[in-house]
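Just below is one structure, and these are the notes that go with it.
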2 protein chains.
Amino acid sequence: MSSRGRNVEVGSEYFAGALSIVFHPCNPYVPTFRSDVRYFEVKDFGWFGGGADLTPNYLDEDDARYFHTFLKEICDKFDPDFYQRSKSACDSYFYLPARKEHRGIGGIFFDDLESFTVDDHKSENSIMVKEKYKSERAQVFEFVCQLAKGFLPSYLPIVKRKRDLPYGDRERQWQLLRRGRYLEFNLLYDRGVKFGLDGGRIESIMVSAPPLIAWKYNVVPEIGSPEAQMIETLSCPRIWV
Amino acid sequence: MSSRGRNVEVGSEYFAGALSIVFHPCNPYVPTFRSDVRYFEVKDFGWFGGGADLTPNYLDEDDARYFHTFLKEICDKFDPDFYQRSKSACDSYFYLPARKEHRGIGGIFFDDLESFTVDDHKSENSIMVKEKYKSERAQVFEFVCQLAKGFLPSYLPIVKRKRDLPYGDRERQWQLLRRGRYLEFNLLYDRGVKFGLDGGRIESIMVSAPPLIAWKYNVVPEIGSPEAQMIETLSCPRIWV
C-alpha cells in the first residue's frame, strides 16, 4: 500500500495538494485499488481532480456493482450527471491501446472539475462570475472531501470478503502477470507519471508500482477459464449500476 | 532469453530485417545482455542499426573490460573511430534521466550507419555517389555480420565465469530491483519500444522484459557495499578500453 499527501508553496503564486492511495493486495482474489484527490491553484483559479478505480485479476460482478454503486451515490449528491461522465472518463483514461484492454473495471475519474462546472470563469472577471465560482468551489470541495472519505468504505468490504480465500500457484502467477499490465499502463500512458518524472520525484511516482511483477510471452488463457473471462471483461467497459 | 528475426515485404517499396537477443540470467552475478542488428531500406536508400550492451547487477571490472575490448576489436577493423563514437552513443542512449543513472555499463550503439558514413547520399543523385554508397554498403554489411557473429563470444565467457557462483536472498532481491530499472528504461524511454507499440507488436516488444521484477520504495544501498559501488558506476560512464 502506498499513500501520499503533499502541500506545495501555500500562500504563494501557486498551491497544490494531493492525496493518493494504491493497494496491491497479496491475495490474487483481492482487486488492486487506486484513488486520489488533488487540488491545484494558480493565482485566482483553482481546480480539483481525482477518482477511484478497481483492477481485479478475477472478475466478481458483485464486487464491481458494489464499488460502482458506492461511488455513484457519492456523485449523485453532488450532480446527477457526474457519475456517468466521470465513469466514462475513467474507462477512457485507463486504457492500453497496444493491448486493446482497459486496465481494470473502472470507477470514476475527473481531471479539471472546476472548469467543468463553471465554464466561463477563466474568461470573465465580473464580480457575479467570481461569486458563482466561489460558491461552486465550496460545493466541489465538499464533494471531493466526501469522495476521499469514501475511498476506504468503497474498497474494504471487498477486501474482507476475499482476503482469506485460498489460492495456489496458478492464481499467484496470473496476479503477477496482470500486475505487468498495471505497470505497462503507468509507465507507457499515465499522465501523472510523466508529470511526476518531469518534476524529478521518481521514487514518489514509482511507489505506486506493484511490489512483484512477472512477464511471459504471449499468455493466452484457456477459453472459458476465469482468466479468459477477466480479459473479455477488460476488452469493453460494462455498465455496473 | 528472447531472440527475434523478421523480414518484411521483400522486393516491395520497403524492406526491414532485424535480429535481437536479450538474456535475463537467473544468477544475479551474471549481467543482462542485449544486442541487435537491423536493416531498413526505403526505395533506393538503406541503413543499418544495432549494438550490444551489458547491464550487470554487480560490477566486475574484468567483465566490463573484456566486453568492451571484444566489441572494440570488431569495430576497429571497420573504422578506427567507430568504437569511440558508438560507445558514446550507447552511454547517451541507455540513460534514465529521472534516475540520473545509465542503464548499464554500456557497449556500442548505432542508429543510422549508412547516412553516417556517406553524409550526402540522400541529397545527390550522381552515379559516382551511388557507386560509393553501394561500396560502403557492402563494407557496412560485412561489419554488421561480424558484429552479429560476435554477440555470443562477447558474452558467453562472462556467463561461464559467473553462472555457478553461489548467491542468496540479498543478491536475488537486488537483481529483481535492478530489473525494475531495466523495465523503466524500456517503457519510459526506449524508441524501439515506442516504434513497436505503434506497429501493434506488443508481445514481440515485451518479450524483452525481465521475467520477474520487484519494486521497493527508495532503496539506498549501504555506503561501500557492492550494490552502492554498482550504482556509483552507473552515475557516470567509464572508459573501459
Would you mind stating whether A:D119 is surrounded by fewer than 14 Cβ atoms within 10 Å (Cβ to Cβ), acidic (D, E) and either on the phi > 0 side of the Ramachandran plot or at pLDDT below 55 (or both)? yes
Selection from the range B:148-191 of residues within 14 Å of chain A (Cβ to nearest Cβ) and free of Cβ contacts under 8 Å to residues at least 40 places away in the same chain yields B:D169, B:L176, B:G180, B:L183, B:N186, B:L187, B:D190, B:R191
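The rows are residues; the columns are (1) charged (D, E, K, R); (2) farther than 23 Å from B:I105 by Cβ; (3) in contact with a helix residue (DSSP H, G or I) (Cβ under 7 Å, 6 or more places away or on another chain).
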site: B:W174; (1), (2), (3): no, no, yes
site: B:R178; (1), (2), (3): yes, no, no
site: B:F185; (1), (2), (3): no, no, no
site: B:Y189; (1), (2), (3): no, no, no
site: B:V193; (1), (2), (3): no, no, yes
site: B:S204; (1), (2), (3): no, yes, yes
site: B:P211; (1), (2), (3): no, no, no
site: B:S225; (1), (2), (3): no, no, no
site: B:S235; (1), (2), (3): no, no, no
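Are any residues in the range B:201-230 of a type in the set (G, A, S), more than 12 Å from A:G180 (Cβ to Cβ) and at the interface with chain A (Cβ under 7 Å from one of its Cβ atoms), and if so, which ones? Full working, then the answer.
The initial filter retains those residues of the range B:201-230 that are of a type in the set (G, A, S), namely B:204, B:208-209, B:214, B:224-225, B:228.
Filter once more, keeping what is more than 12 Å from A:G180 (Cβ to Cβ): B:204, B:208, B:214, B:224-225, B:228.
The one that is of a type in the set (G, A, S), more than 12 Å from A:G180 (Cβ to Cβ) and at the interface with chain A (Cβ under 7 Å from one of its Cβ atoms): B:A214.
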When A:E136 is evaluated against the numbered criteria (1) at pLDDT below 95; (2) outside any helix (DSSP H, G or I), which criterion, by number, is the only one it fails? (2)
Among the residues in the range B:220-232, are any modelled with pLDDT of 95 or more, among the charged types (D, E, K, R) and more than 22 Å from the chain's Cα centre (by Cα)? yes
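Within the range B:161-179, is there a residue that is touching a Leu at 6+ places or on another chain (Cβ under 8 Å) and either charged (D, E, K, R) or modelled with pLDDT of 95 or more (or both)?
Filtering the range B:161-179 down to residues touching a Leu at 6+ places or on another chain (Cβ under 8 Å) leaves B:176, B:179.
Add one more test, that the residue is either charged (D, E, K, R) or modelled with pLDDT of 95 or more (or both), and what stays is B:176, B:179.
Yes, the range B:161-179 contains a residue that is touching a Leu at 6+ places or on another chain (Cβ under 8 Å) and either charged (D, E, K, R) or modelled with pLDDT of 95 or more (or both).
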Assess whether B:I231 counts as being of a type in the set (A, V, I, L, M, F, W, C) and touching a helix residue (DSSP H, G or I) at 6+ places or on another chain (Cβ under 9 Å). no
Scan of the range B:1-42 for residues that are modelled with pLDDT under 95, closer than 17 Å to B:I213 by Cα and among the hydroxyl-bearing types (S, T, Y), ordered by number: B:S2
Given the conditions (1) at pLDDT 95 or above; (2) surrounded by fewer than 19 Cβ atoms within 10 Å (Cβ to Cβ), which single one is not true for B:F45? (1)
Can you give me the ranges of the helices (runs of 4 or more DSSP H) entirely in the range B:150-241 with at least 1 residues that are touching a Lys or Arg at 6+ places or on another chain (Cβ under 6 Å) and farther than 28 Å from A:L187 by Cβ? none
Of the numbered conditions (1) surrounded by fewer than 18 Cβ atoms within 10 Å (Cβ to Cβ); (2) closer than 27 Å to A:H68 by Cβ; (3) among the small types (G, A, S), A:S154 fails exactly one; give the number of that condition. (1)
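The values are calculated or read from the model by the stated rules, or taken from the named source; none is laboratory data. Computed from a predicted structure; not experimentally measured. Quick reminder, even Gly has a Cβ in these numbers, built from the backbone with ideal geometry, and neighbours come from all protein chains shown.
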